[in-house]
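Report on the structure given below.
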Amino acid sequence: MRYTLFGRTGLRVSEIALGTMTFGGEDSGWGVSKNACARILDAYAEAGGNIIDTADVYTGGQSETLLGELLAGRRDEFVLATKFTLATGPGGPNAAGNHRRKLVASLDASLRRLRTDYVDVLWVHARDVFTPVEEVMRALDDQVTAGKVHYVAVSDWPAWEVSQANTLAQLRGWSPFAGLQIRYSLLDRDAERDLLPMAESFDLPVLAWSPLAGGKLTGKYLRGESGRLSQPGGDGGEDSHRKREDAVVRTVVEIAREGGWTPAQVAVAWLLHRPGTVIPLFGATSERQVTDVLGAAGVRLDAEQLARLDEVSRVPLGFPHDFLNEEAVRNAVYGPRWREIDDRRTTCRRSLAG
């Protein structure tokens, strides 16, 4: 794998990130054993991967505990990221949220489980509207000042609130969000309406979770396995949605066959070809899955293949984006010679709008 910069920071991260939601918790039927986790981590590291993503709630804290054990003696070789916000126990009304009390308690517990004095990136896991943005950003900056966190980042927030948070942080001299984590794939392109243009504007790298859309983009459901995409019945809206998903997956499978790749590699490679800095974030339950996904780093989709994938998976951007992209409106706003203007600040937005 190659490496990219983590947004406006100097931090170097691999082009594909490893998520560890599956680490631990095998007794519940969800996670995988310590030995399997070790093989997954080693396969990722041997391929050049260096950014590992976890959270205090993953498998009840076992994900962090296992990582602490598996990274012993080589912690500094990795960019280690964790998250806080979600409830980690009964604990009353303050057991969850973005507030300072939850942040401090969760981070200290994560550091103990991870057996480290610091994390490279701390993600705010989701937006808690009870806690003012000012409190979130100041509390995060305090942890950076204390040396417990190197960079702060945000997951699953609306675009306008990320913008508010970073503008406030810049004005106050606090640490702004350095990265954005969102759900993004060929089957879920809603983020292109506001989140991705916002990320490009603030130079935020985007970690795209669920890059295979829960396994749908591997094509396995098209082969007749459980959970088929196309099912009879349902209302017109559901049927239309299923047909669209089917069309996207079939296109992925066709292109994979053309290039001698796997469908998973094509789906992840599409993300690597997106404008801006998009880092696919994948989870695995076996070494084989790691090898498969990381093979996407060597996939080069040509312009025709990218166009087919873009067209079959495109979503309407809605108002005001579609309105502002109309030819007559563009000519009125920018003048009839707007196509001759080359401005890198709008490259991502124009690419997403087609």
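The values are calculated or read from the model by the stated rules, or taken from the named source; none is laboratory data. This structure is a prediction, so every number in the text was calculated from the model and none was measured. We place every Cβ from the backbone using ideal geometry, glycine too, and count neighbours over all the protein chains shown. These accessible areas exclude ligands, DNA and RNA; they are computed on the full protein's heavy atoms, side chains included. Shrake-Rupley method; radii C 1.70, N 1.55, O 1.52, S 1.80 Å.
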#### Entry: the chain: relative contact order as a whole-number percent, Cα under 8 Å and 6+ apart
16 percent
### Query
If you wrap a convex hull around the Cα atoms of the range 26-79, how much volume per residue is inside, in Å³?
79 Å³
### Query
So how much slack lies between Tyr334 and Glu311, counting 0.36 nm per residue of separation and subtracting their Cα-Cα distance, in nm?
5.7 nm
### Query
Which whole-Hz ³J(HN,Hα) couplings does the range 291-297 yield from phi under the Karplus relation 6.51 cos²θ - 1.76 cosθ + 1.60, θ = phi - 60°, glycine and proline marked x?
4, 4, 5, 5, x, 5, 4
### Task
Please list the non-local residues whose amide H lies under 5 Å from the amide H of Ala284, H modeled 1.01 Å from N, same-chain partners needing a gap of 5 or more.
Thr22
### Nearby aspartates and glutamates by direct alpha-carbon distance to Lys243 (threshold 13 angstrom, same-chain neighbours under 8 apart not counted)
Asp235
## Note on the structure
Mean accessible area per residue over the chain (1.4 angstrom probe, all protein chains present, square angstrom) is 47 Å²
### Query
Between Leu294, Leu306, Leu122, which gets the highest mean-square fluctuation from a Gaussian network model of the chain, Cα cutoff 10 Å?
Leu306
### Query
What's the longest bit of the chain with no exposed GluC sites (Glu not before Pro), using DSSP loop states and at most 11 other Cβ atoms within 10 Å as the test?
1-224
### Summary
Per residue, the convex hull enclosing the Cα atoms of the range 114-178 spans a volume in Å³ of 81 Å³
#### Entry: Cα→Cβ-extended label distance, 7 Å offset, between Glu69 and Asn35, nm
1.3 nm
### Query
List the lysines whose alpha-carbon lies under 16 Å from that of Lys148, not counting same-chain residues fewer than 8 positions away?
Lys83, Lys102
## Note on the structure
Computed D for the chain, Stokes-Einstein, Kirkwood radius over alpha-carbon pairs, 20 °C, 1.002 mPa s, to the nearest µm² per second, is 100 µm²/s
### Task
Quickly estimate the mean residue ellipticity at 222 nm for the chain, helices only: each DSSP H run with n ≥ 4 gives -39500 (n - 2.57), and the total goes over all residues, rounded to 500.
-12500 deg cm²/dmol
### Query
How high is the relative contact order of the range 1-89, given as a whole-number percent (alpha carbon pairs under 8 Å, six or more residues apart)?
28 percent
### Query
Within the P(r) computed for the range 14-114, what percentage of the Cα pairs occupies the region above 17 Å?
51 percent
